[in-house]
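See structure below.
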């Protein structure tokens, strides 16, 4: 099975890269860019859109399951 090579843009540094099986950091161009992105998620600079929840409500639901 041959995987098609495709030009992609690194989401962190915007450098052009190629999507191949050999590129172990895809969609990033390097481990550095991959770790920068991970740090942004960990620091909550990036968030998934959704409705805010009350932490007390989530805890109440957990208690009722036990």
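Some notes on this structure:
- Scanning region 7-30 for residues that are outside any loop (DSSP other than H, G, I, E, B) and in contact with a helix residue (DSSP H, G or I) (Cβ under 7 Å, 6 or more places away or on another chain) yields no hits at all.
- Single condition residue 33 does not satisfy, out of (1) assigned to a helix (DSSP H, G or I); (2) farther than 24 Å from residue 8 by Cβ; (3) modelled with pLDDT of 85 or more: (2)
- Residue within region 48-62 that is surrounded by fewer than 10 Cβ atoms within 10 Å (Cβ to Cβ), outside any helix (DSSP H, G or I) and modelled with pLDDT of 90 or more present: no
- Flag for residue 44 being out of contact with any helix residue (DSSP H, G or I) (no Cβ under 9 Å at 6 or more places or on another chain), surrounded by fewer than 11 Cβ atoms within 10 Å (Cβ to Cβ) and modelled with pLDDT of 85 or more: yes
- Filtered residue count, region 10-23, keeping only those that are in contact (Cβ under 8 Å) with a residue 12 or more places away in the chain and over 14 Å from residue 34 (Cβ atoms): 4
The values are calculated or read from the model by the stated rules, or taken from the named source; none is laboratory data. In this text the structure is predicted, and so the values were computed from the model without any measurement. All Cβ positions, even for glycine, are placed from backbone atoms using ideal geometry, and neighbour counts span all protein chains on display.
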